[in-house]
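Beneath this line is the structure, given in structure tokens, with notes to follow.
The values are calculated or read from the model by the stated rules, or taken from the named source; none is laboratory data. Since we're looking at a predicted model, the values are computed, not measured. No Cβ is skipped: glycine too gets one built from the backbone with ideal geometry, and neighbour counts run over all protein chains shown. Calculation scope for accessible area: heavy atoms of the full protein, side chains included, ligands and nucleic acids excluded. Shrake-Rupley method; radii C 1.70, N 1.55, O 1.52, S 1.80 Å.
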Amino acid sequence: MNEDPRAFRRRRIEAGLSQTDLAEKAGVSKSHLSDVENGRAGFSPKNLKAIAEALGCEIRDLLHPEPAASTSMSAA
């Protein structure tokens, strides 16, 4: 599960959508959307794409940020 629950909720609220509205727009169940927003579940790639399209964002905007790669090299 790579989804960021806070990003889902923030994007949905910014779009002015209720959970019911977003679920209907994306073709997913409201209960599953609620579980994702609460960190209890994840979406399939197909459903993740549908959610991103319904929110007008990229899939990567709904995922946990990737950790920054370390650029320093330690002496051996």
| remark: Counting only protein heavy atoms and rolling a 1.4 Å probe, one gets per residue an accessible area for the chain in Å² of 69
| Cβ under 12 Å from Asp21's Cβ, Asp21 left aside: what net charge do those residues give with Lys, Arg +1 and Asp, Glu -1? | +2
| Between Ala15 and Glu66, what is the spin-label point distance in nm, taking each point 7 Å from the Cα along the Cα→C-beta axis? | 2.4
| note | What helix-only [θ] at 222 nm does the chain give? Using -39500 (n - 2.57) per DSSP H run of at least 4, over all residues, to the nearest 500, the answer is -14000 deg cm²/dmol
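Rank Phe43, Phe8 by accessible area, highest first, at a 1.4 Å probe radius?
Values: Phe43 25, Phe8 0 Å².
Result, largest first: Phe43, Phe8.
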| field | Which of Ile51, Ser29, Pro5, positive extreme of dipole for segment 1-66 (C-beta unit charges) | value | Ser29
| Mind listing the phi-derived Karplus ³J(HN,Hα) values for segment 42-59, rounded to whole Hz, using 6.51, -1.76 and 1.60 with θ = phi - 60°, and x for any glycine or proline? | x, 9, 5, x, 4, 6, 4, 5, 5, 5, 4, 5, 5, 8, x, 9, 8, 4
| If the convex hull is drawn through the Cα atoms of segment 1-48, its volume per residue in Å³ | 63
| message | Using amide H atoms built in the peptide plane, which far-off residues or other-chain residues are under 5 Å from Leu63 H to H? | response | Asp4
| When the accessible area of the chain is split by element with a 1.4 Å probe, what percent falls to carbon and sulfur? | 49
| query | Of Arg9, Arg40, which has the most accessible area with a 1.4 Å probe, and how do the rest follow in descending order? | reply | Arg40, Arg9
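With an 8 Å Cα cut-off and a minimum separation of 6 or more residues, compute the relative contact order for the chain in percent.
Relative contact order here is 39 percent.
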